[in-house]
Every structure is written in structure tokens, then in C-alpha cells.
Amino acid sequence: MIRFFGPFIAPLVGAGFLLALLWGFITTPREAEAPTAAHEYHKGEKEISFSFDGPLGRYDRQQLQRGFQVYKEVCSACHSMKMVAFRDLEGIGFSGPEVKAIANQWAVEVPSINPDTGEAATRKALPSDYFPSPYANETAARAANNNALPPDLSLIAKAREGGSHYLYSLLTGYEEQPAELVRKFPDAKTPAGLYYNPHFANLNIAMPPPLVAEGQVTYSDGTKATVPQMADDVSAFLMWAAEPKLENRHRAGVAALIYLLIATAFTYGAYRNIWRDKKH
């Protein structure tokens, strides 16, 4: 009898052990997670559409130039874009001379070396230079921002879930902290030096509202510079900075799809031609 059932004992014991583990996992009581302020009051992205959304989306060069102006006049005071060169701006419609003038007139000069003395120096930026950081180093950046380090914006639109939609929501999402939130979660009161923004992960962000009033910048194309418009434009510009080849990728995708459709049609035609005289 043992010899007959012997080969089945080990598998049965193993199956029983696994079933016991599974049953224990299912029946073990779990404590419900305590609600948090971030869980209850965090908001997702606002409803907004960009010209580059979707598989056929394209950048609006005029909007990108306005977004660059917002970055230059507002954001660049705190945030670097160390992976974007001035000459890259030709990709959003600026001419060579315009790029040269933008680089030459940039508020922060580029670190350099004095050829006569070999000592550290600065010089006017060239089109081949990358956007210089507004701070000499990380220590200086933290000292100027209540120990918070302003992130580099070169890839921020790809580094945050939601991309440009998240950036727009964040820039336009500052508001007073609800009194109800403080009553329900006293420990979640926004600390001094931080700002309440329900679109930020933990609701409190170190960055002060960067876009605060209509007309904060003056657009050269006459567009009315409302806070939502400026946020829309700079979010689009940051998306371009993170993915300047997006339009090429879209075109390649469409071309590949058309090729596959044609190849499928030819393949099906060949199949029908080969098998049309064959009887099943």
C-alpha cells in the first residue's frame, strides 16, 4: 500500500501546505489604513488640452516662444535647465541671430576661465552654451530657498506623472488651505515657509506661487498674459524641452502604421492568390 501511494504523498503534502498558507493569508484580519489629509484632499490634473496631445499632436511654435518667455522672465530666477542649449531654441522658431542675442543678453553669465591668469571668471553666453544655473552650487541654491533645492526643469515634464498637464495644474493650483482639512487633520496644517497646493503629492510645497498676476510678462505677440495662459504656455515649453523630437516620433509612428497596413493588404492578397485554386 505504501509503495502504491508513496509517489503521491510529497505532492499532496506540498499542496496542503500551500492551501494552508493561502487560507491564512485570506482569513488574517487586516487593520484598515487610517485616512490621511493627502489621501482625502489631493487632486488630480485639471482638464486641459495641448496641441501636442495624441498620436497626431504637434507643437505650437508661437506658444513655445511664449512659454520660453515665461521661463526666462519668471522661472529662470530659481530653476536651471542645464540640458538645454541656447541653440536648441531654433527648434521653436527663433532664428540664428535671435538665439545669439538671447544668449548674449541672458541675466546670468557662463562660468569660464580667464585665459591670461587661469583664474575662474564669467563671460557672456554663446548659442552653444547651455542655460546657466542661477546659483553657483547646490549650497547656494538651498540657502536662497529655505533649504529647498529647486529642481532642474530640463526633463521635469517627463519626470512627473501627468507631464505638462500636471505642471499646469500645479502652477494654477495654489489656494488657501481648507479650514475643514485643519479641523480633521490638525497635524496637516501647512507649516510656515510652505504653500498649500492640492495638486502636489503631500499638499504642501516649498515653491511660492510663481505666477501671481495677470500681465506678469508682456507677450510680444499681443496674447493676454493671464495666469492660466502663462501656465499653459510654460508647461508646453517644458514639454518641448523634455521631448523636442516628439513630432518626429509621431510622424515615424504614423509612417510605420501606414506601412504595416499596406504590407498586410499585400500579404492578404498574396495569400488569396496562392490558395484560390486549392480545395479544402
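The figures follow:
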quantity	calculated
Tally, over the range 66-93, of residues that are free of Cβ contacts under 8 Å to residues at least 60 places away in the same chain and in contact with a helix residue (DSSP H, G or I) (Cβ under 7 Å, 6 or more places away or on another chain)	5
First in the range 137-165 and within 18 Å of GLY44 (Cβ to Cβ), second anywhere and among the β-branched types (Val, Ile, Thr), Cβ under 7 Å, 6 or more apart	HIS165/ILE48
Qualifying helices (runs of 4 or more DSSP H) (wholly inside the range 114-214; at least 3 residues being exposed (fewer than 15 other Cβ atoms within 10 Å of the Cβ))	138-143, 179-184
Number of the exception - VAL13 against (1) assigned to a loop (DSSP other than H, G, I, E, B); (2) at pLDDT below 75	(1)
Condition check for ASN197: closer than 30 Å to TYR41 by Cβ and without any contact (Cβ under 8 Å) to a residue 40 or more places away in the chain	yes
PRO55 being more than 23 Å from THR223 (Cβ to Cβ), without any contact (Cβ under 8 Å) to a residue 24 or more places away in the chain and loosely packed, with under 14 Cβ neighbours inside 10 Å	no
Subset of the range 208-226 (residues that are of a type in the set (A, V, I, L, M) and closer than 18 Å to ALA77 by Cα)	LEU211, VAL212, ALA213, VAL217
Check on GLU109, out of contact with any helix residue (DSSP H, G or I) (no Cβ under 9 Å at 6 or more places or on another chain) and under 19 Å from SER76 (Cβ atoms)	yes
Restricting the range 215-249 to residues that are within 17 Å of the chain's Cα centre (by Cα) and not in a helix (DSSP H, G or I), the residue that is surrounded by the most Cβ atoms within 10 Å (Cβ to Cβ)	GLU243
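Rundown of residues vs (1) surrounded by 10 or more Cβ atoms within 10 Å (Cβ to Cβ); (2) at pLDDT 95 or above; (3) on the phi > 0 side of the Ramachandran plot, yes/no style:
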site: GLU33; (1), (2), (3): no, no, no
site: HIS42; (1), (2), (3): yes, no, no
site: GLN63; (1), (2), (3): yes, yes, no
site: ASP88; (1), (2), (3): yes, yes, no
site: PHE94; (1), (2), (3): yes, yes, no
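The values are calculated or read from the model by the stated rules, or taken from the named source; none is laboratory data. Just so you know, these numbers come straight off a predicted model, no measurement behind them. As a convention, Cβ positions derive from the backbone with ideal geometry for all residues, glycine included, and neighbour counts pool all protein chains shown.
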